[in-house]
Amino acid sequence: MAFETLNGIVLRYANYRDNDRILTVLTQERGAVAVTVRNCRKKSSVTTDAVSEQCCYGEFVVYERCGILYASSTAIKESFYPIREDYERLVSANQILRFAEIIAYNHGGAELFPLCYHALSFLAYGDNNPIDVELCSTAKMLCLAGYKPVLTHCVRCGKDLRKQKEVAFSKVQGGTLCDYCGVGCRVISALSAEALRRMILLPLSQMGRVKLPDNVRKELDLIIYEYAEYSFEQIIKVRG
């Protein structure tokens, strides 16, 4: 029986039988995989139970049987426990991990894993609004999936929009539009477009610096998820 060591973040779990769980784990090595952890819900399995919770980062020694991965042993590396102590942090973490799972099966985990790790770190130990970390993470994941929005010029005619006070944004066209080309599209402030552009370019280690004004946060919350849901043709935003 061949064993393999995977390092990953638990995106979600489903209880199975009396004491087992099936984890969806975002790994550095394989992208998103399903791992069955036996007896992790027994009261005596404290360590195994801890690493089987959503958001936890752990090491999983696995083996494959009949096409199914089973955990032979597990070790928790980081629980990001403060996320579970705050409802808003938990909701944003769940939103980030939901979108990460959608992307992971097609994109893999090489770039997605460090993005999720940094996002959870700032949610757990940072002091900024959880939604700011969530929006920054979601924008970066869109880019990883090949849906980087155009934000400095008109998608249709190419007009430079960087001196405009307001710009139109089209989820269909995938970016900003000038007044003429963007008739009927949602209008956002130039500040929101610039904030989105900067979040996309921001290094992962500096995601905790994102602190958005309320009006910018509201506009980006609309356009980022409208664009994501149009691009992936499914409901992505579960946060109210």
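Residues in region 53-65 that are at pLDDT 90 or above and either open to solvent by less than 40 Å² (accessible area, probe 1.4 Å) or assigned to a loop (DSSP other than H, G, I, E, B) (or both): Gln54, Cys55, Cys56, Tyr57, Gly58, Phe60, Val61, Val62, Tyr63. Listed conditions (1) touching a residue at least 12 places away in the same chain (Cβ under 8 Å); (2) closer than 19 Å to Ile22 by Cα are all met by Asp86, apart from (2). Looking only at residues in region 15-41 that are free of Cβ contacts under 8 Å to residues at least 40 places away in the same chain and at positive phi, the one that is most open to solvent (accessible area, probe 1.4 Å) is Arg17.
Within region 51-93, the residues that satisfy the criterion of being under 25 Å from Val238 (Cα atoms) and touching a strand residue (DSSP E or B) at 6+ places or on another chain (Cβ under 9 Å) are Val51, Ser52, Glu53, Gln54, Cys55, Cys56, Tyr57, Ser79, Phe80. In region 191-219, the residues that are over 14 Å from Glu166 (Cα atoms) form Cβ pairs under 8 Å with partners that are polar (S, T, N, Q) and exposed (fewer than 15 other Cβ atoms within 10 Å of the Cβ), at six or more places apart or across chains, as follows: Arg197/Thr152.
Only residues that are open to solvent by less than 40 Å² (accessible area, probe 1.4 Å) and assigned to a loop (DSSP other than H, G, I, E, B): list them for region 153-177, please. Result: Cys154, Leu161, Gly174. When Arg239 is tested against (1) of a type outside the set (Gly, Ala, Ser); (2) open to solvent by less than 80 Å² (accessible area, probe 1.4 Å); (3) at pLDDT 95 or above, exactly one condition is not met: (3). Screening Leu6, Leu26 for residues that are at pLDDT 85 or above and either in contact with a helix residue (DSSP H, G or I) (Cβ under 6 Å, 6 or more places away or on another chain) or of a type in the set (Gly, Ala, Ser) (or both) leaves exactly one candidate, Leu26.
Does region 1-14 hold any residues that are assigned to a strand (DSSP E or B) and in contact (Cβ under 8 Å) with a residue 24 or more places away in the chain, and which are they? Passing the criteria: Phe3, Glu4, Thr5, Leu6, Asn7, Gly8, Ile9, Val10, Leu11, Arg12, Tyr13. The set of residues in region 139-152 that are part of a loop (DSSP other than H, G, I, E, B), touching a residue at least 24 places away in the same chain (Cβ under 8 Å) and out of contact with any Lys or Arg (no Cβ under 6 Å at 6 or more places or on another chain) comprises Ala145, Tyr147, Lys148, Pro149. Is there any pair with a first residue in region 171-188 that is touching a residue at least 12 places away in the same chain (Cβ under 8 Å) and closer than 14 Å to Leu151 by Cα and a second that is surrounded by 14 or more Cβ atoms within 10 Å (Cβ to Cβ) and among the polar types (S, T, N, Q) whose Cβ atoms are under 6 Å apart and which are 6 or more apart or on different chains, and what are they? Close Cβ pairs (under 6 Å, with a partner that is surrounded by 14 or more Cβ atoms within 10 Å (Cβ to Cβ) and among the polar types (S, T, N, Q)) amount to Leu177/Ser170.
Scanning region 106-144 for residues that are within 26 Å of Glu85 (Cβ to Cβ), open to solvent by 40 Å² or more (accessible area, probe 1.4 Å) and modelled with pLDDT under 95 returns a single hit, Asp127. Inspect region 195-206 for any residue being surrounded by 15 or more Cβ atoms within 10 Å (Cβ to Cβ), in a loop (DSSP other than H, G, I, E, B) and of a type in the set (A, V, I, L, M, F, W, C) and give the result as yes or no. Scanning region 195-206, I find at least one residue that is surrounded by 15 or more Cβ atoms within 10 Å (Cβ to Cβ), in a loop (DSSP other than H, G, I, E, B) and of a type in the set (A, V, I, L, M, F, W, C), so the answer is yes.
The values are calculated or read from the model by the stated rules, or taken from the named source; none is laboratory data. Model, not experiment: these values are computed from the prediction. Ideal geometry is used to build each Cβ from the backbone, glycine not excepted, and the neighbour counts take in all protein chains shown. Note: accessible area is taken over every heavy atom of the protein model, side chains too, but ligands, DNA and RNA are not part of it. Shrake-Rupley method; radii C 1.70, N 1.55, O 1.52, S 1.80 Å.
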